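Inspection log for the structure reproduced underneath, given as structure tokens.
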Amino acid sequence: MTFRKKGSKNPPLLSLEFILQNHADFVACVGMFFVLGLMFEGTAEVSIVFITLQHGVTFPAAEAEAERATAPKFLYHYGAKDLATVFFYTLVAIIIHATIQEYVLDRINRRMQFPKQRQGKFYESGQFSVFFLVSCIWGTFILVSENCLSDLTALWKAHTHNMMTFQMKFFYISQLAYWFHAFPELLFQRSRPQELSQQAVYVGLHLFHIAGAYLLYLNHLGLLLLMMHYFVEFLSHSCDLFYFSDEKFQKEFSLWAIVFILGRLVTLIVSLITAGFQLAGGQNGSSDDSAEDVNVLAAKIAVLSSSCSIQAYVTWNLFNVQLQRWMEEDAPLQAPSVKKKRIKGRFCRKGMENGVATSN
């Protein structure tokens, strides 16, 4: 994503340039309509659908006691109203993106004075670093609070009656909203045509996997794999930021490429073991146990194929980035040598001409 540079003169009202420069203000105004709708009785019911989580179910006290709970539990499942909630938080993601861009990344760029060819990658790595760091902290807190790390069986078992807790659903809604907001940001940030398809595939793969885990009720397994993926991506973009600030970190980036590949392999192994063996093992269990397991053959195939596809794609993308950087480093080294050969050849020709003239 390239940097959206503001001109010195104000563009014409309602022109494309005006909309691109002030898109965050327009989005904030749209979001305020939904917030202000909560203040009026006639529009409160519609605004709640956009702002709060929908499709909640309250479990009776008898079922709560059976699950060793001290109070009735309020859980959620997914439905069509989630689209409205995702839309509202997509607006919120656009506002947060613009805030980080203006008050953090722009100030760093003015101080470091990056060249134009690196500004786009710097802004992209800066935005992703913040998002991946916040998501890792948030997702780890959910895994610990729901005892997913102590009870590994929760990774391949759906929640009671295919439900999810408030924090789990809100996390997935926020993730979907963030990756949906990335599509209009490709326009707002004026991505170059050669980068547009690559960025669209990158965003689409994340949406596909997050939505798949959400719709198949593989919430805990999807969250664990997502945290592993986000942690590797966070370190990758952090290394990019260090590399942009000083090229002496190139060796550290080369060492990081090995860590990057190892992280992909660990993620792939966990997904294969969990989806391939544990989910398939539920077919041999009792009917009660299998009712809580995700044992649909199509779901297992989708989990395995999607895990393999995204790991292969991001690894291939890393190879391309690393190869491009090696070529950029070799270019300035080859240019002086060619120039030196040309100068040497010119001196040789002059020497021969002088020798001929002297002999004559």
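Solvent-accessible surface of protein heavy atoms, probed at 1.4 angstrom with all chains present, puts 179, 316, 138 in the order 316, 138, 179, largest first.
Percent of Cα pairs in the stretch 81-202 per distance bin of 10 Å, from zero to the largest separation: 11, 34, 30, 17, 7, 0. The eigenvalues of the Cα gyration tensor, multiplied by 5 and square-rooted, give the stretch 154-240 an equivalent ellipsoid with semi-axes of 28, 15, 11 Å from largest to smallest.
The values are calculated or read from the model by the stated rules, or taken from the named source; none is laboratory data. These numbers come from a predicted model, not from an experiment. Accessible surface is based on the protein model in full, side chains and every heavy atom, while ligands, DNA and RNA are left aside. Shrake-Rupley method; radii C 1.70, N 1.55, O 1.52, S 1.80 Å.
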